[in-house]
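Participant: One structure is given below, represented as structure tokens, and several questions about it will come after.
Coordinate-derived values only; no laboratory data. Everything quoted here is computed from the prediction, not taken from an experiment. Positions of Cβ are generated from backbone atoms using ideal geometry, with glycine treated the same way; all protein chains shown enter the neighbour counts.
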Amino acid sequence: MTKAIMIVGVGGQGTLLASRLLGNVLLFEGYDVKISEVHGMSQRGGSVVTCVKFGKKVASPIIEKGEADIILAFEQLEAARWLPYLKKGGKIIVNTQCIDPMPVITGAAKYPENVIETIKKLGVDVTPVDALKLALEAGNAKAVNVALIGVMAKQTDIKYKVWTKIIKDTVPEKFKELNLKAFELGYNLK
Amino acid sequence: MKKLMLGNAAVASGLKDAGCKLVSSYPGTPSTEITEYAVKYKKDIHCEWAPNEKVAMETAIGASFAGARAFCAQKHVGLNVAADPLFTLSYTGVNGGLVIAVADDPGMHSSQNEQDSRHYARAAKVLMLEPSNSQECYDYAKLAFVLSEQFDTPVLLRLSTRVSHSTSLVERSNDGNGKLKEYEKNPGKYVMMPAMAKTRHEVIEKRYSAEKVWSENSDINTVEMNDKKIGIIAAGITYEYAKEALGNKASYLKLGCVYPLPAKLITDFAKKVETLYVLEQLDPFVENYCKTLGLDVRGKEEFSLLGEYSQALIKKVILGEEVEYIESGLEIPGRPPVLCAGCPHRGLFTALKQLDVFVSGDIGCYTLSSLPPLEMMDTCVCMGASISALHGRNIVRPDEAKKSVAVIGDSTFMHSGILGLVNIAYNRTNSKVIVLDNSITGMTGHQQNPTTGKRIDGEPTTAVDLTALAHAVGIERVVVVDPYDIPATKAAIAAELEIEAPSLIISRRPCALLKEVKHNPPFSIDTDKCIGCKACMKIGCPAIKMSGEKSVIDFTQCVGCGMCTSFCKFDAIKEGK
Ligand SMILES: Cc1ncc(C[n+]2csc(CCOP(=O)(O)OP(=O)(O)O)c2C)c(N)n1
């Protein structure tokens, strides 16, 4: 069976590094892996989505509505936007950060209230995380992505050591310590 | 060993392992990373950003004629720019293998249109391969060089967003060598004028027949027989969607070569299945071909000419199956891309908004200024059109010339804006052209260009002097402004608009995302002074939002550009915390 993980957020939040880490971990675990990302225009403050799929043999690299086993959301509104992509019985891990999109900034639209509660009430398994706090504790707001990966890692069967090995192999030297720390904080979150 | 590779990175590895010696491209999503990854092999491959796709392709042609394997990459609309050399290159053929990657963008993730580049293969009579995953990106890039030399033809490698920007496993094989072939003077082949071209046209038609025979027998066009009730003909990413949607419930003819199409293979496959579908995004290129073969195929009538296909769409149309999903029921505002915090374009367009002018626009990050709250672009067609179209407008509406400007990025100006400026000087309109010089090609993710003073690998080189260039073509008035200083920028543009002569206004300030740009500490709001008038929101900076009655500045986004300060009458925006 192919499994599907969707990483959603706002351009600039580091979703690409998160998917790359995840991809390398899954490859190390012996799976066939496909990752699909969209570069370019949508990077700049737009809604971004990356699909990671793994299994014995993966065909399509994209995830459609009702297909994701896990959604890792870097921002609340994005969690709500991509919720239809979650499979029945799937899980959402959501960073509690809110980033106003331009229509909200200009007053043309409102940022919805109680996003996380609303999703919970639908019976969805939601794990809210203050990842910005974890990242700042690790030393830099940019580490939000790896802190969230840490939270997700805890919910998988993949060993802690595999994750940290792949982080060491994937991340540039000068950010290694920061990212390992952020991962650890996410992983050990109660 | 198998490695995870982006489709575009796999193409670059294929170039390396095929012994390609030269890569010249102009960036364009989703093709850009091929050339960026190729730079990693700069010991073996000379890589460069050309000013535009035509120059890139002609550079590759020169290298190929000289005996080297050469390559260029572009997005779909880039091939329009390079179409002129392509059509005649088809006649001359090659010496060293020449491969041309063209990346389509179904769904228009980052493009201004949704054209289907397969039509170019047929129109220019050039062989076209289409990979469906990273392994095939690698294999087909290498194969394309072999075919190019075997059939004496350029070969098109058709990619699409989902193939270029998907990552999957790749196993690399033995390295090719980068030896030059002999160059022999041969005007009959390399000098295309009527007498020679007539002979070459015959050669090209014969070549097509030979390629067709190859296509019929090639192992990149494969048949997989499963359940015979449904037969699928597909290529590229659509094949992967079909496999996921239908698995063993269908039989497949996977096309690795989309031009020339293998008529016999298709006909034989059609005979073996009950209902035959052609699954292809965009135009019915393969479907129409099947119909000329007299085959009963289904395709566009049930699917779509617009946008992308997916496994869900295929399941729905062919099997009638739909997946259940949940919705939050919340009203979810859109999140369109925005100019970044600290983007110098914001300052320039804010000044233009205050001047209330007509803006003949162009393509780049600055096109985002057409969205709220700036809404400061009137037209945008293709790269370079801003300048030439303003000239045309000013001819028929001379009275409004004092209220009209053209805006164009530095890279776009070099790509195809220059000739528009020459035309303004030559055919004299009082056109005001603003070059948004942010020292980089921003939109496609930071590529160097002839104005930045750096080559693709960051090595220093000469930079085009825009002022001297304008003077040289006959534009006497050149003004340089700093868009972070909005009042001064506005005043300078207002003054130029009053003058009865063409002007070039250079709005100069590097992109805020460039590594070498040093930022000030983030600004913050003095809540005692802020009265919540929302004047600072007018600038449309993603780092400023309202929190209750007061505005707040998001310290994770603010780069301390200070452009917002000129909007606050209450002095509530302060430097630092
Ligand atoms: C013919 C063609 N080639 C390439 C592209 C892709 N593309 C769009 S805008 C752009 C360049 C943008 O750079 P610049 O003009 O410097 O503006 P910036 O984004 O930095 O503001 C490119 C390469 C295109 N749309 N059309």
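Participant: Which strands (runs of 3 or more DSSP E) sit wholly inside the range B:489-577 and have at least 3 residues that are surrounded by 14 or more Cβ atoms within 10 Å (Cβ to Cβ) and away from every other protein chain (no Cβ under 14 Å)?
Facilitator: By residue number, B:503-508.
Participant: OK, next. Taking the range B:53-80 as the region of interest, how many residues are of a type outside the set (D, E), surrounded by 23 or more Cβ atoms within 10 Å (Cβ to Cβ), within 14 Å of the ligand (Cβ to nearest atom) and farther than 22 Å from B:A197 by Cβ?
Facilitator: Residues meeting the conditions: 7.
Participant: So which of A:I35, A:I71, A:I63, A:I5 ends up being surrounded by 23 or more Cβ atoms within 10 Å (Cβ to Cβ) and part of a loop (DSSP other than H, G, I, E, B)?
Facilitator: A:I63
Participant: From the list B:A210, B:A234, B:A263, exactly one residue is surrounded by 21 or more Cβ atoms within 10 Å (Cβ to Cβ) and in contact (Cβ under 8 Å) with a residue 40 or more places away in the chain. Which is it?
Facilitator: Step by step, each of B:A210, B:A234, B:A263 is checked, and only B:A234 is surrounded by 21 or more Cβ atoms within 10 Å (Cβ to Cβ) and in contact (Cβ under 8 Å) with a residue 40 or more places away in the chain.
Participant: Do you know which of the residues in the range B:353-378 that are within 15 Å of the ligand (Cβ to nearest atom) and away from chain A (no Cβ under 13 Å) is surrounded by the fewest Cβ atoms within 10 Å (Cβ to Cβ)?
Facilitator: B:M377
Participant: Scan B:V273, B:V323 and give me the residue that is surrounded by fewer than 23 Cβ atoms within 10 Å (Cβ to Cβ), of a type in the set (V, I, T), within 14 Å of another protein chain (Cβ to nearest Cβ) and free of Cβ contacts under 8 Å to residues at least 60 places away in the same chain.
Facilitator: B:V323
Participant: Among the residues of the range B:137-183 satisfying the criterion of being more than 15 Å from B:R69 (Cβ to Cβ) and surrounded by fewer than 24 Cβ atoms within 10 Å (Cβ to Cβ), which is farthest from the chain's Cα centre (by Cα)?
Facilitator: Only one residue tops the list, namely B:N174.
Participant: Inspect all residues belonging to the range A:109-120 and state whether any of them is within 9 Å of chain B (Cβ to nearest Cβ), touching a Gly at 6+ places or on another chain (Cβ under 9 Å) and touching a residue at least 24 places away in the same chain (Cβ under 8 Å).
Facilitator: Scanning the range A:109-120 turns up at least one residue that is within 9 Å of chain B (Cβ to nearest Cβ), touching a Gly at 6+ places or on another chain (Cβ under 9 Å) and touching a residue at least 24 places away in the same chain (Cβ under 8 Å).
Participant: Based on what the data block shows, is B:D104 within 29 Å of B:Y239 (Cα to Cα) and surrounded by 23 or more Cβ atoms within 10 Å (Cβ to Cβ)?
Facilitator: Yes, satisfied.
Participant: Under 9 Å between Cβ atoms, which residue pairs at least 6 apart in sequence (or on different chains) link something in the range B:67-78 that is farther than 23 Å from B:S160 by Cβ with a partner that is near the ligand (Cβ under 7 Å from one of its atoms)?
Facilitator: none
Participant: Restricting to the range A:143-190, and then to whatever is basic (K, R) and under 20 Å from A:F54 (Cβ atoms), can you tell me which residue is surrounded by the fewest Cβ atoms within 10 Å (Cβ to Cβ)?
Facilitator: Among those residues, the one meeting the criterion is A:K161.
Participant: Hey, can you tell me all the residues within the range A:19-32 that are surrounded by fewer than 24 Cβ atoms within 10 Å (Cβ to Cβ) and not basic (K, R)?
Facilitator: Passing the criteria: A:L21, A:N24, A:L27, A:F28, A:E29, A:G30, A:Y31, A:D32.
Participant: For B:L282, indicate whether it is farther than 30 Å from B:S439 by Cβ, part of a loop (DSSP other than H, G, I, E, B) and touching a residue at least 12 places away in the same chain (Cβ under 8 Å).
Facilitator: So B:L282 fits the description; yes.
Participant: For the range B:132-143, state whether one or more residues are part of a loop (DSSP other than H, G, I, E, B) and farther than 26 Å from B:N217 by Cβ.
Facilitator: From the range B:132-143, those part of a loop (DSSP other than H, G, I, E, B) are B:132-133; that's our starting set.
Now restrict to residues that are farther than 26 Å from B:N217 by Cβ: none.
No, the conditions are met nowhere in the range B:132-143.
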